[in-house]
Each structure stands twice: as structure tokens, then as C-alpha cells.
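First the structure, in the form of C-alpha cells, and then the observations on it.
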Amino acid sequence: MAKYRIAWMPGDGIGLDVMQAARLVLDALELDGEYIPADIGWEFWCREGNPLPDRTMRILEESSCGLFGAITSKPKDEAIEELAPDLRSQGLVYRSPIVSLRQRFDLYCNLRPCRAYPGNPLNYRDDIDLVVFRENTEGLYSGVEFYPLPDAVRKAMREHNPAMARFDNVPAAEIAISLRVITEKGATRILRKAFEYARDHSYRSVTLVEKPNVLRETSGIMTRVARAVAKEFPEISLWETNIDAQMMWLVKNPQDYGVLVTSNMFGDIVSDLAAQLVGGLGFASSGNIGDAFAVFEPTHGSAPKYAGQLKVNPIAMLLAVRLMLDWLGEEELSTVLEQALAGVIASGEVRTYDMGGTSSTIDMAQAVIRAFP
Ligand code: IPM
Ligand code: MG
């Protein structure tokens with residue numbers, strides 16, 4: 001029996017393309033793994049009304065970890081239109097299966113490294129080495145949304161804050177509310193992960209990216225907890241920043257920052273900006289990490305217009321494989337993979353279209369394999 005059981009979830013769109021590259025590389029690395037295909041994505045929503053079928057949850061429960069490609073998400077009304085006709089009137093609601101996975105397996109830490117590899121023509125600068133820690137289970141992704149607005153919620157808001165009276169005349173069907181839920185536990189565990197990572201990888205600071213001047217309570221918890229956790233790591237400075245200004249500074253002086261930590265939606269936004277500084281989503285990988293389970297994925301989406309053409313850059317996916325190898329404790333294989341990727345990027349002989357080249361997804365995977373020692 002193989003040492004690792006890896007739930008294999010290509011999803012849809014270019015998820016299938018980049019996972020082909022991942023498989024070539026894993027086979028060449030000879031990881032002692034068994035890859036269990038698991039259904040996830042748009043096609044299962046359309047056919048079964050559930051993009052994350054129970055059978056997939058069971059495969060995941062019996063796996064060491066999961067590797068995920070990409071999935072298509074569409075807004076509410078379009079999602080209903082694409083359902084099989086007999087499912088359309090059942091009041092089904094499309095929820096992004098990757099967001100469900102993060103919550104159902106309590107994968108609270110979203111780790112998103114963004115490093116400028118030398119020779120990448122898309123680098124904004126060559127000295128960028130950012131790592132975003134995004135809280136992955138709460139915040140604006142908690143899934144607590146109201147529409148149309150129930151009377152009880154309106155009443156509670158009014159009692160809580162008399163200034164809410166300005167919404168009194170807004171009809172229930174003309175107002176929607178999404179809640180930003182932050183718990184002390186959620187804040188503590190993501191902050192601790194960020195500080196531990198900074199300590200273990202010799203970063204001297206951790207930057208908290210929030211907005212406590214406006215989101216007094218939720219960003220307030222993040223700030224309080226950050227200060228408390230920082231005390232456990234006297235060798236690392238805590239820099240408290242507001243997200244708006246921090247985005248400007250990241251564009252101005254990205255080389256000045258290292259570990260960034262933030263809540264879920266801010267992290268979603270910060271991580272795309274950080275990705276663009278080092279070549280865009282073709283270079284951005286994520287680990288969704290809990291205490292005992294993890295799912296690794298490229299940060300990019302399913303890019304349907306490129307699906308099946310084996311044209312997109314698989315580097316983000318291969319960097320996700322590398323994060324998986326790290327998490328499994330396969331440090332040697334992880335180093336082999338990262339050095340090969342760095343070598344291929346530096347040589348510039350094989351470049352996908354986003355890098356100004358004409359190489360295919362598979363060409364890139366094969367070049368990485370050729371660069372193994
Ligand atoms: C990401 C993606 C997801 C998110 C989408 C696909 C739901 O943008 O992983 O950053 O918003 O978290
Ligand atoms: Mg995102």
C-alpha cells in the first residue's frame with residue numbers, strides 16, 4: 001500500500017490541464033502516493049445539484065490530503081439556469097465547493113507564498129518574497145447572509161444601533177446583508193501560524209493587514225489578538241497596517257514586506273495583488289491547512305476560455321504540489337521540485353503564453369522533470 005492517499009480533484013476548466021502536469025511531475029518524483037479521483041465542480045452542480053458530492057467527502061475523509069485544480073463558480077441566477085431541469089425548482093443554492101471544503105474540514109490557514117523567481121519576465125521586481133496568511137473559515141465567507149431582510153434582523157439592527165433608522169424605509173427585497181464573523185479562536189490560530197512561519201523561515205516582521213479604524217470590532221479582535229500573539233515571539237516585530245494603505249505600499253515597496261496576515265476576504269484580495277507582483281496567478285499557489293488535514297491548490301480559477309487547450313502555465317499548480325510535499329514532510333522531494341522550477345524559470349527556454357512564450361502546459365511539466373537531479 002502506498003504511504004500517502006491523495007484525493008485527486010481536478011475540478012473543471014483548466015483544473016484538468018494543470019492537474020495533468022501535476023501528475024507527470026509527481027510520477028517523476030516517485031512520491032509513494034496513491035491518487036484517488038474525486039468528483040468536484042461545476043459539472044456535478046449541473047447534473048446532481050451538488051458540486052461537492054458526499055462520495056467526495058468520504059474519499060477526502062479517508063485521504064492523507066487533497067490536491068485540487070480549479071472550479072467554475074457563477075453568480076446565483078446563472079447557477080440555477082444551468083441546473084438539470086428536474087433540479088431547478090428544488091431551491092438548491094450553489095456554494096463554492098472549495099469554500100465548503102475549507103469550512104467542513106476546518107482548514108483555517110490559507111498559506112499563499114508569492115516569491116519572485118529570478119528570470120521570470122513577469123516579475124514586478126526581482127527581490128519580492130511575500131507570504132500571505134489568510135484566515136480561511138470565517139470573516140465575510142462565513143456564509144451568513146440575509147436576503148430578503150427578515151424583520152427580526154432589521155429589529156435587532158435597529159435596537160443595536162439607532163442610526164440604522166435610516167434603512168427603515170428600505171423594503172426587505174431591496175436590502176441584503178453579509179456578516180463578517182471574526183472569533184478570537186479564529187484570529188488566534190491564523191496569527192499564530194503566521195508568527196510561527198516567520199520564526200521558522202527567518203522573517204523579522206509580521207504585517208497585520210486590517211481596517212480597525214472602521215471595522216472596530218472585527219478588525220479590533222484581529223488587532224488585539226495580534227498584539228497578544230506577538231508577545232510570544234519577541235524576536236519578530238508586528239506591523240499593524242490598514243488594508244487600503246498597505247495595498248499602496250505593497251505596490252510601492254513590495255520588497256519591504258514578508259509575512260502578511262489577515263482575515264478571509266481581505267486575504268482573498270491581498271493574495272491576488274501579491275500574486276501579480278511575482279508574475280500573476282500562473283505563479284500563485286495555496287495550501288488550505290488545518291490541524292490534521294490539508295488541501296492544496298493553485299490560486300487561479302478555472303479560466304474556461306483556455307480549458308482543454310493545455311496552454312496555461314502549470315507553475316502555480318506545481319508550486320501547490322510543492323506545498324503539499326512540504327506538508328507531508330517530504331522535504332527532499334519538495335526541494336528537488338522547487339529547485340527544478342526555479343531552474344526552468346531562470347533558463348527561460350520554456351515559457352508558456354503568459355510569460356511571452358509558446359510552450360504548452362505539458363512542455364513546462366516536462367522541462368521541470370528534465371531539471372531534476
Ligand atoms: C481564492 C478564490 C476563491 C475564494 C473563490 C474561487 C471562491 O478566489 O481561492 O482566492 O474567494 O476564496
Ligand atoms: Mg481569490
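Some points to look at:
- If the condition is being away from ligand 1 (no atom under 12 Å from the Cβ) and of a type in the set (Phe, Trp, Tyr), then segment 235-275 contributes Trp239, Trp249, Tyr257.
- Considering segment 163-191, the residues that are over 16 Å from Phe133 (Cα atoms) and of a type in the set (S, T, N, Q) include one that is surrounded by the most Cβ atoms within 10 Å (Cβ to Cβ), namely Thr183.
- Restricting the first member to segment 276-303 and to residues that are under 21 Å from Ala7 (Cα atoms) and within 13 Å of ligand 1 (Cβ to nearest atom), and the second to residues that are among the basic types (Lys, Arg) and part of a strand (DSSP E or B), the beta-carbon pairs closer than 6 Å and six or more apart or on different chains are Ser286/Arg112.
- Selection of segment 269-305 for residues being open to solvent by 50 Å² or more (accessible area, probe 1.4 Å) and not small (Gly, Ala, Ser) yields Ile269, Asp272, Gln276, Leu281, Asp291, Pro304, Lys305.
- Listed by first and then second residue, the pairs linking a residue in segment 322-343 that is on the phi < 0 side of the Ramachandran plot to a residue that is open to solvent by less than 30 Å² (accessible area, probe 1.4 Å) and part of a loop (DSSP other than H, G, I, E, B), with Cβ atoms under 6 Å apart and 6 or more places separating them unless they lie on different chains, are Ala342/Tyr117.
- Filter result (of a type in the set (A, V, I, L, M, F, W, C), open to solvent by 20 Å² or more (accessible area, probe 1.4 Å) and in contact (Cβ under 8 Å) with a residue 40 or more places away in the chain) within segment 35-68: Trp42, Ile59
- For beta carbons closer than 7 Å, sequence separation of 6+ or different chains, a first residue in segment 69-92 that is closer than 11 Å to Cys46 by Cα and away from ligand 1 (no atom under 16 Å from the Cβ) and a second that is in a loop (DSSP other than H, G, I, E, B) and open to solvent by 90 Å² or more (accessible area, probe 1.4 Å), the qualifying pairs are Ile80/Arg88.
- Where Phe105 falls short, out of the listed (1) over 30 Å from Pro254 (Cα atoms); (2) surrounded by fewer than 20 Cβ atoms within 10 Å (Cβ to Cβ); (3) among the aromatic types (Phe, Trp, Tyr): (2)
- Residue in segment 60-77 that is outside any loop (DSSP other than H, G, I, E, B), within 16 Å of ligand 2 (Cβ to nearest atom) and touching a Phe, Trp or Tyr at 6+ places or on another chain (Cβ under 8 Å) present: yes
- Within segment 243-266, being surrounded by fewer than 24 Cβ atoms within 10 Å (Cβ to Cβ) and within 11 Å of ligand 2 (Cβ to nearest atom) holds for one residue alone: Met265.
- With respect to (1) within 20 Å of Thr137 (Cβ to Cβ); (2) within 16 Å of ligand 1 (Cβ to nearest atom), the lone exception for Gly220 is condition (2).
The values are calculated or read from the model by the stated rules, or taken from the named source; none is laboratory data. Since this is a predicted model, take the numbers as computed values, not measurements. Quick reminder, even Gly has a Cβ in these numbers, built from the backbone with ideal geometry, and neighbours come from all protein chains shown. Side chains included, ligands, DNA and RNA excluded: accessible areas come from the protein's heavy atoms. Shrake-Rupley method; radii C 1.70, N 1.55, O 1.52, S 1.80 Å.
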